[in-house]
Amino acid sequence: MLPRLHVALVYNMKKENADEDSAVAREEENGKSEVAVATRTKLQTTRPDTYAEWDSEDTILAVKAALEERHTVTMIEASENAPQRFLEVEPDIVFNIAEGLRGPSREAQIPAILDMLGIPYTGSDPVTLGICLDKSRAKEILSHYKIPTSEFHVINSIDELRHAHVHFPSVVKPLHEGSSKGILNASVVRTPQELRTQVERVLTDYDEPALVEKFLPGREFTVALMGNGPTLRVFPIVEIRLDKLPAGVNSLYSYEAKWVLDQPDHPIEMYDCPARIDAGLEALIKEICVRTFQVLRCRDWCRIDLRLDEKGVPNIIELNPLPGILPNPDDHSSYPMAARAAGYSYNKMLQAVLDEAVLRTNITSSSS
């Protein structure tokens, strides 16, 4: 059994939960001078998906409760006040679930601060987090290592479309977003006009380049991994059953499919875990995911999304080194779903992630 540690849980909370009366705010208030309400007040948006990557109050408190079974936990919001809070709290290790807000470096910002301060933390380092959030950079590295990923173009302006030889159908998505942000049912494009419309939408609404990928027609899977080096293991594969989507909806795990169509009060049974696939395909998917985890230098945990091409070859869609971890099984969060299939309760899953980070960083006792 690893020692009882002082763990700082660093998080971003969805805006609709981010008020002074929330349980998370009250919890953090117990240990610091003030909640960063001013930061939240400044965050204005016209996009409904702006905070899709951030965690709900229920998720944050569930993570805290899981860690508190074995450790002392202090809450720290990933705001402008976070660096000072880390210095005040002096945790043994940080459990990082903070997604950040602005720019392609947002997932890397808290880990970079922790590296500067010399405080160990769970999960991947800033370089890996930045590369994985910029889908094209990750795909370039995977291509170098001969790991299958669909052909793509990065479009920085409408004028660039004139020189891009795009094959149809393709999928248009923001270059560095997660949680299916900006990926709509209409993102599958089959004509030059549809392509132009969707690229304009991404450039305008997200103020970032558009990634245009060849549409892969096969089945879609997501794979949860945990560990490092010899402890790295692959949990049972989840298949996203896109054939269960309503008639007329594109075969795409879009924002609508993930967050609108599939709701606890009207669920779509579109997840098989373990996936119903033959042993050969299962072995190939797991091999590709392990290689991808290693090539991108992920640490502790990651969820990797794949899709089969027209020849049935698994292609990497993207990596999620900060995977979603909604605690309610009815929310169909894929990483906890795969962990449950591997025999981990929600609490044991999170404790195991922390254990991996403690072993990796060679923490032997609490400094508190």
Exercise. What residue, among those in the range 260-276 that are at pLDDT 75 or above and part of a strand (DSSP E or B), is farthest from Gly324 (Cα to Cα)?
Worked result: Asp272
Exercise. Restricting the search to the range 60-109, which residues are part of a strand (DSSP E or B) and in contact with a helix residue (DSSP H, G or I) (Cβ under 7 Å, 6 or more places away or on another chain)?
Worked result: Val73, Thr74, Met75, Ile76, Glu77, Ile93, Val94, Phe95, Asn96
For this session: Considering only residues that are among the polar types (S, T, N, Q) and under 27 Å from Glu140 (Cβ atoms), look in the range 211-262 and name the one that is surrounded by the fewest Cβ atoms within 10 Å (Cβ to Cβ).
Result: Asn228
For this session: Just give me the residues in the range 302-353 being charged (D, E, K, R) and assigned to a loop (DSSP other than H, G, I, E, B), in sequence order.
Result: Asp309, Glu310, Lys311
Problem set entry | In the range 48-97, residue nearest to Tyr335 (Cα to Cα) [restricted to those that are under 23 Å from the mean Cα position of the chain (by Cα), surrounded by fewer than 21 Cβ atoms within 10 Å (Cβ to Cβ) and hydroxyl-bearing (Ser, Thr, Tyr)] | Ser56
Exercise. Can you tell me which residues in the range 207-235 are within 18 Å of the chain's Cα centre (by Cα) and either hydroxyl-bearing (Ser, Thr, Tyr) or under 26 Å from Leu359 (Cα atoms) (or both)?
Worked result: Thr222, Val223, Ala224, Leu225, Met226, Gly227, Val234, Phe235
For this session: Evaluate the range 129-141: report whether one residue or more is in contact with a Lys or Arg (Cβ under 7 Å, 6 or more places away or on another chain), outside the structural domain of Glu53 (by TED's automatic domain parsing) and surrounded by 20 or more Cβ atoms within 10 Å (Cβ to Cβ).
Result: yes
Seminar exercise, completed: Inside the range 307-339, the number of residues satisfying the requirement of being more than 21 Å from Leu129 (Cα to Cα) and without any contact (Cβ under 8 Å) to a residue 60 or more places away in the chain is 2
Exercise. Can you tell me which residue in the range 149-176 is farthest from the chain's Cα centre (by Cα), limited to those that are within 26 Å of Val313 (Cβ to Cβ) and among the charged types (D, E, K, R)?
Worked result: Glu151
Exercise. Which ones in the range 146-203 are of a type in the set (D, E, K, R) and buried (at least 18 other Cβ atoms within 10 Å of the Cβ)?
Worked result: Lys173, Glu177, Lys181
Exercise. So how many residues does the range 354-366 have that are in a loop (DSSP other than H, G, I, E, B), out of contact with any Leu (no Cβ under 6 Å at 6 or more places or on another chain) and not aliphatic (A, V, I, L, M)?
Worked result: 3
Exercise. So which of Ile288, Ile317, Ile277, Ile304 ends up being of a type in the set (A, V, I, L, M, F, W, C) and more than 16 Å from Ile147 (Cβ to Cβ)?
Worked result: Ile277
Exercise. Give me the pairs: first residue in the range 104-125 and under 13 Å from Val10 (Cα atoms) and in contact (Cβ under 8 Å) with a residue 12 or more places away in the chain, second residue of a type in the set (Lys, Arg) and outside any helix (DSSP H, G or I), beta-carbon distance under 7 Å, and six or more apart or on different chains, which are they?
Worked result: Gly123/Arg299
Exercise. Can you spot a residue in the range 302-324 that is crowded, with 19+ Cβ neighbours inside 10 Å and of a type in the set (Lys, Arg)?
Worked result: yes
Seminar exercise, completed: Only unsatisfied item for Asp330, checking (1) modelled with pLDDT under 95; (2) buried (at least 22 other Cβ atoms within 10 Å of the Cβ), is (2)
Exercise. Failed condition for Glu140, given (1) at pLDDT 95 or above; (2) within 24 Å of Trp301 (Cβ to Cβ); (3) touching a Leu at 6+ places or on another chain (Cβ under 7 Å), with all others met?
Worked result: (3)
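Listed here are the residues, each with its yes/no results for (1) outside any loop (DSSP other than H, G, I, E, B); (2) at pLDDT below 95; (3) assigned by TED's automatic domain parsing to the domain that holds Arg291.
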residue: Arg162; (1), (2), (3): yes, yes, no
residue: Glu177; (1), (2), (3): no, yes, no
residue: Ile183; (1), (2), (3): no, yes, no
residue: Ala186; (1), (2), (3): yes, yes, no
residue: Glu194; (1), (2), (3): yes, no, no
residue: Val223; (1), (2), (3): yes, no, yes
residue: Glu239; (1), (2), (3): yes, no, yes
residue: Lys258; (1), (2), (3): yes, yes, yes
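The values are calculated or read from the model by the stated rules, or taken from the named source; none is laboratory data. Because the structure is predicted, anything quoted here is derived from the model rather than measured. Positions of Cβ are generated from backbone atoms using ideal geometry, with glycine treated the same way; all protein chains shown enter the neighbour counts.
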